[in-house]
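The values are calculated or read from the model by the stated rules, or taken from the named source; none is laboratory data. Quick caveat, the model's predicted, so the values are computed rather than measured. Note: ideal-geometry Cβ built from the backbone for every residue, glycine included; neighbour counts use all protein chains shown. Accessible surface is based on the protein model in full, side chains and every heavy atom, while ligands, DNA and RNA are left aside. Shrake-Rupley method; radii C 1.70, N 1.55, O 1.52, S 1.80 Å.
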Amino acid sequence: MDETNCGIGILGGTFDPVHRGHLQLAQNAAEALHLKRVFFIPAYAPPHKQNREENADHRLRMLELAVEDEPLFCVDDREMRAHQTNYTVHTIQSLQAEMPDEHFYFILGEDSLRQIRTWYHWEELLSLVDVVVSSRPGVDGDVQKEVDVLNALGYHVLVADGPQLDISSTMIRERIATGRGIRQLVPEKVERYMRSYGLYTADEERIDADFLQGVLAESLDFLDHKPYSGWAKRLKKTLRPSRYRHTLGVVRSAAFLARRYGVDVEKARLAALLHDCAKHNERMYFDRLVACGRLSEEDWHPSPVFHATLGALVAEEFFEVDDGEIIHAIAGHTTGFPEMSLLDQLIYLADAIEPGRDYPGVMALREEAMRSLQGAVFTSMNDQLIHLLQTRQYIETMSLTSRNGIWMQAKAEASR
């Protein structure tokens, strides 16, 4: 065969989701036939599969991500644009009408070739275009026998040799649904996209993805303006990089929850931005507060939660925050209070479930946060107390009274 580029390959399918097996199939055909391009054509509503149009946008975007770094491959979205069931024979006809001087090869896997006689107007389809097929592990039958039968009927079917990957879209969906990894089965960009949108996951994971998407959509542009730009600059200097990233995650989470529960977004952002302002600098800030008369040496009681009450004073004294509600929310973000405002609850919870948090139960907590702010706060307090008991750590009295207080508060509201 002539070594020059001699045609365009067409690889259609549902791509639900696209995986490395699809890409290898296209690569095998391209190398065997010296193709100059391969068009991936995703189906909007495939006639042999139900309800795939519901995730058509996601399937299209994943396919675009999968091929965007492959100069030989491209996505043709004509079937997606049609927003209806399209048959392959019609798609081939439209391509040939648009590019009458091109020679097209229809790329199939062995499993699809074995089912070709069930396709709409399959005889017409095979008379319109050459077919190139590649066998796939796990499919019964000899691909060459199928090719010989079709060629004996007068059609033109070729075999493309090359590496074969035993991967299917069904396998990937099942692995995701059961919490197993797919890193080697799909391109990295596709994996990230699926996880970002919670595709093919259990309900809890989908809700978690909804929360994370909502949080990450929150803008941080306000940090470019005074006085917040100065505060952010100071926090970058005093906080560790990981703690500053956590702070920005809390800011976004707080803003997202504030919109959801009707809390002042500006106050939520400011309380979140400064909630850890004293973290890892307790002694330095304590000494400064003693020097200005706000504290005495007897007030020094370092503990894992000390930075919260100290941070409230730091926010007031050195960041010049004069809003009592913001100060109160900062002070209570570690232990809570027996009676908590919505802002108090929101900052406490945002600290616990921001995107950087990764611990057993965090997805369930985010799910509850999407339904009930107060319920999620109570669950978070309860879980934290259980963790401290199990690990034999000291429990602050305020943590216990706050947990009981939020429970009584919820009970009182439920009885109204």
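Data for the structure
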{"item": "Residues (in a strand (DSSP E or B) and hydrophobic (A, V, I, L, M, F, W, C)) located in the range 66-124", "result": "73, 74, 75, 104, 106, 107, 108"}
{"item": "Residues (in a loop (DSSP other than H, G, I, E, B) and open to solvent by less than 10 Å² (accessible area, probe 1.4 Å)) located in the range 264-283", "result": "275, 276, 277, 278"}
{"item": "Matching entry among 247, 309 (being of a type in the set (Val, Ile, Thr), farther than 21 Å from residue 370 by Cα and either in a helix (DSSP H, G or I) or open to solvent by 50 Å² or more (accessible area, probe 1.4 Å) (or both))", "result": "309"}
{"item": "Candidate set from the range 1-26 (those that are polar (S, T, N, Q) and more than 18 Å from residue 188 (Cα to Cα)); member that is modelled with the lowest pLDDT", "result": "4"}
{"item": "Scope the range 92-110; condition free of Cβ contacts under 8 Å to residues at least 60 places away in the same chain and either under 20 Å from residue 147 (Cα atoms) or surrounded by 17 or more Cβ atoms within 10 Å (Cβ to Cβ) (or both); matching residues", "result": "108, 110"}
{"item": "Given (1) surrounded by 17 or more Cβ atoms within 10 Å (Cβ to Cβ); (2) acidic (Asp, Glu); (3) assigned to a loop (DSSP other than H, G, I, E, B), index of the condition residue 191 fails", "result": "(3)"}
{"item": "Selected residue (only one of 400, 389, 343 is on the phi < 0 side of the Ramachandran plot and either open to solvent by less than 40 Å² (accessible area, probe 1.4 Å) or under 23 Å from the mean Cα position of the chain (by Cα) (or both))", "result": "343"}
{"item": "Meets criteria (surrounded by 13 or more Cβ atoms within 10 Å (Cβ to Cβ) and touching a His at 6+ places or on another chain (Cβ under 7 Å)) for residue 89", "result": "yes"}
{"item": "Candidate set: the range 194-230, residues that are open to solvent by less than 30 Å² (accessible area, probe 1.4 Å) and hydrophobic (A, V, I, L, M, F, W, C); chosen: the one nearest to residue 266 (Cα to Cα)", "result": "222"}
